[in-house]
Amino acid sequence: RWSPPPSPRLRPPQIETAPFAFVLNESRAWVEQHVPYFHSSDEDLNTAYWYRWRVFHLHLARAPKSQRTPGCDPKGCHVITEFLKKVPWSGPANTIVCPAGHHFAEARWVKDGRYAGDYARFWLRGAGWRKQYTFWPAHSVWRHSLLVDARPGAAGSLAHELLPALEANYRDWVRTHYHTGARCMFQSCHADGQENSATLDGCRPTINAVMFAEATAIAAAAAAAGNATLSAHFEEEAARWRGVVLERLWSEDLPLSNTLAQPPRPNHNKIITRMESE
């Protein structure tokens, strides 16, 4: 009786970085050791992929060793900068929280988990100015756990370790940015990471959507940690912010979510600190 021959065992293609040495330059050795290999039929896409990793490597830095942060490398937390040269509005080690969520999206793919882990601890436990701009650490840490952990959010994962800090950070943002009169989160367009835009300051879709993502992530992390009460609370919080974005800020005329322009709360600037509020 005839049977088809066994299918050949598929092996991953051999991907070489040599054709992209002109892009990787001095970062080539680090990239070969730390990042996933990628290749496609689009040469422009391939070049952009390896270029992005060179730029990522160039922006790696360390927080000062003197700023000891629990859980970080003893030599100083691994951090990621926005600018290669020091800029006057940056915090410790030239860090700026505005692009941190995007940094996490890339750092979670690095094989050595210390980079993403240290970076999260720096913002949540260290000296990072985490309230300088709109920031979404819970969403970032939870997405990291979904990618790297066999059991996302379980004991031993970064999400489990930082769950109390993520909850505290969330509550502190509500304390300082919730506009009781408008019943939504207030943010200036500049601190929302959008410079000075025509949509003005007020209840902006960006920060309110971030709060939905943060609440959703904390609810998932709490459920994974076995804390059903905390998970249920943050599911309710997520529903609240979803209603703000899709109902209160939605315009049928445009149609899209837009800013509900509002003056800041009294003493708004005085109650906000760049780090954790006292």
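Sorted by accessible area with a 1.4 angstrom probe, largest first, how do 201, 253 fall?
Output order, biggest surface exposure first: 253, 201.
Highest first, please rank the peptides 137-143, 44-50 by the mean number of other Cβ atoms sitting within 10 Å of their residues. Mind dumping the intermediate values first?
Working: 137-143: 25.9, 44-50: 14.6.
Ranked by mean Cβ neighbours within 10 Å, highest first: 137-143, 44-50.
Expressed in nm to one decimal, what extension gain is obtained for the pair residue 52 and residue 195 from 0.36 nm per residue of sequence separation less their Cα-Cα distance?
49.1 nm
With the full set of protein chains in place, find how many percent of the accessible area of the chain is carbon and sulfur; take the probe as 1.4 Å.
55
Pick from 90, 197, 157: which is most flexible by mean-square fluctuation in a GNM of the chain where alpha carbon atoms under 10 Å apart are linked?
Result for the chain, Cα springs under 10 Å: 197 fluctuates most.
Return the Rg/Rh value of segment 13-139, two decimal places, where both radii are evaluated on C-alpha atoms and Rh is the Kirkwood radius.
Dividing the radius of gyration by the Kirkwood radius yields 1.00.
Could you report segment 79-183's accessible area per residue, 1.4 Å probe, as an integer in Å²? Spell out each step's value before the answer.
Values: 4220 Å² over 105 residues.
On a per-residue basis, segment 79-183 sits at 40 Å².
Using DSSP to define loop residues, name the GluC sites (Glu not before Pro) in segment 1-107 whose beta-carbon has at most 11 other beta-carbon atoms within 10 Å.
16
Tilt of helix 43-58 relative to the longest C-alpha principal axis of the chain, in degrees (0 to 90, nearest 10)?
60
Using only Cα atoms, tell me the angle between helix 114-125 and the longest principal axis of the chain; keep it within 0 to 90° and round to the nearest 10.
10
Can you tell me the orientation of helix 205-224 relative to the chain, as the angle in degrees between its alpha-carbon axis and the longest Cα principal axis, to the nearest 10?
Once rounded, one gets 60 degrees.
Per residue Cα convex hull volume for segment 133-278, in cubic angstrom?
It comes to 121 Å³ per residue, whole-number rounded.
Grab the DSSP H runs of the chain that are 4 residues or longer, score each as -39,500 (n - 2.57), total them, divide by all residues and round the 222 nm result to the nearest 500 deg cm²/dmol.
My calculation for the chain gives -13000 deg cm²/dmol from helical runs alone.
Would you grab the residues whose amide H sits under 5 Å from the one on residue 179? Only those 5+ places off in sequence or on another chain, please, with H modelled 1.01 Å from N.
Correct list: 184, 185, 186.
Gain in length, residue 33 to residue 258, computed as 0.36 nm per residue apart minus the alpha-carbon separation, to one decimal in nm?
Gain on extension, residue 33 to residue 258, equals 76.6 nm.
Among 124, 60, 162, which one shows the highest mean-square fluctuation when the chain is modelled as a Gaussian network with alpha-carbon springs under 10 Å?
60
Compute a Gaussian network model of the chain, connecting alpha carbons closer than 10 Å, and tell me which residue from 261, 217, 127 fluctuates the most.
Comparing 261, 217, 127 in a Gaussian network model of the chain, the most mobile one is 261.
The values are calculated or read from the model by the stated rules, or taken from the named source; none is laboratory data. Since this is a predicted model, take the numbers as computed values, not measurements. Every residue, glycine among them, receives a Cβ derived from its backbone with ideal geometry; neighbour counts consider all protein chains shown. Only protein heavy atoms, including side chains, enter the accessible area calculation; ligands, DNA and RNA are left aside. Shrake-Rupley method; radii C 1.70, N 1.55, O 1.52, S 1.80 Å.
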